[in-house]
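Here the structure comes first, spelled out in structure tokens, and everything after it is commentary.
Every number here is computed from the coordinates shown, using simple stated rules; none is lab data. Bear in mind that the values here come from a model prediction, so they are computed numbers and not experimental data. Glycine gets a Cβ as well: all are built from the backbone with ideal geometry, and neighbour counts include every protein chain shown.
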Amino acid sequence: MTKPDVLMVGRYPEWEMPLFERDYVVHKLWLATDRARFLSEVGPAIRAIATNGVLGAGAELIDACPKLEIIACFGVGFDAIDLDRARTRGIRVTNTPDVLTEDVADMAFALILASMRRIVEGEGFVRSGAWTKGALPLGKSLNGKTLGVIGLGRIGRAIARRATAFGMSVAYCDLAEDPEASHAYFPDPVSLARVSDILVAATAGGAGTKNLVNAAVFEALGPEGLFVNVSRGTVVDEPALIAALEEKRIGAAALDVFWNEPNIDPRLLGFKTVIVQPHHASGTVEARKAMGKLVRDNLAAHFAGRPLPTPVI
């Protein structure tokens, strides 16, 4: 039986590669020195694209593969995939929800704790010898604070559970109020920010949420507020965030995602009140292995004519 041709947009974890190459003819786009020529040569044979939430699959890439049947995304976010073009072509799209939820929520709280309790600063304080000359400035307690969650989906709910365990109050905003949620609901990020000590973005990316967190939100969060982003860089008006930090209209930020990652705005690195991570909220061995398996399960189901485990379209 002939193995289907799969275009892999970016390298998957090392343990995934032998499994993909066992079951498919894998064409590695990231190794191509001439992308256009490479696609002109292999594109006509491609039946599946294996990508991730950052690299996605735009219209140009989709159109280069006339026999394309399915796009499998290694990640929960699919905003970098042109869903309209996929629908027009009748191409299925899958992602990997649920399996990374708890790890992303853990990272959200790691960022919160790192900022509120000065973890990064304190580590440097000890290593530099500064501790012998005085005390580290005091941090802030989580107990009794209000955590605002933008987007009460799978990840937002997991973050809210952790906040409750830390003795925090939780409020949220979303497209509509969740009748099963016990937390206070606010119709928009501005009104949510007004009641929040810490504001976490956990919503989906895409055109519908672009610049959702903007200057008005930061103004409402206030000079003592902490903003945390574990969603997508596009959710935040980054110049407005930088301005709010420069003018001390918010207290701090802890960020796992950025507009132009990995080439982030260097101004963000100049703030002592900003903690940064390399888009690594799902970066655990356990989560990544489960994500890879779900990508492969979706592809296997498609080529066997079975229902897809986690379809987007």
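Of note:
- Highest mobility in the GNM of the chain, judged by mean-square fluctuation with C-alpha springs under 10 Å and restricted to Lys133, Lys28, Lys248, is found for Lys133.
- With each label modelled as a point 7 angstrom along the Cα→C-beta vector, the Thr33-Thr88 pair spans 3.4 nm.
- In percent, rounded to a whole number, the relative contact order of the chain is 16, using alpha-carbon pairs under 8 Å and six or more apart.
- For His279, net neighbour charge (Lys/Arg +1, Asp/Glu -1) across residues whose Cβ lies under 12 Å away: -1
- Inter-site label distance for Val120 and Asn260 at 7 Å from Cα along Cβ, in nm: 2.0 nm
- Here the relative contact order of the stretch 101-276, from alpha carbon pairs under 8 Å that lie six or more residues apart, stands at 20 percent.
- When each of the peptides 254-260, 195-201 is scored by how many other beta carbons lie within 10 Å of its residues on average, the order from highest to lowest is 195-201, 254-260.
- Distance cut-off 38 Å, percentage of C-alpha pairs in the chain lying past it: 22 percent
- Largest GNM mean-square fluctuation among Thr51, Thr234, Thr132, using the chain with Cα springs under 10 Å: Thr132.
- From its DSSP helices (H runs of at least four residues, each -39,500 (n - 2.57)), the chain gives a residue-normalised ellipticity at 222 nm of -10000 deg cm²/dmol.
- Within the chain, percent of DSSP bridges classed antiparallel, to nearest 5: 0 percent
- Across the stretch 6-149, the mean sequence separation of Cα contacts (distance under 8 Å, 6 or more residues apart), normalised by length, yields a relative contact order of 16 percent.
- Computed from the C-beta positions of Ala135 and Ala304 and an R0 of 51 Å, the FRET efficiency is 0.20 to the nearest 0.05.
- Once the convex hull of all Cα atoms in the stretch 133-282 is built, its volume per residue stands at 124 Å³.
- The slack in the chain from Lys293 to Lys272, taken as 0.36 nm per residue of separation less the alpha-carbon distance, amounts to 3.6 nm.
- Mean-square fluctuations from a GNM of the chain, with a 10 angstrom spring cutoff on Cα atoms, peak among Gly283, Gly134, Gly43 at Gly134.
- The label point for Thr284 and the one for Ala45, both projected 7 Å from the Cα toward the Cβ, are 3.9 nm apart.
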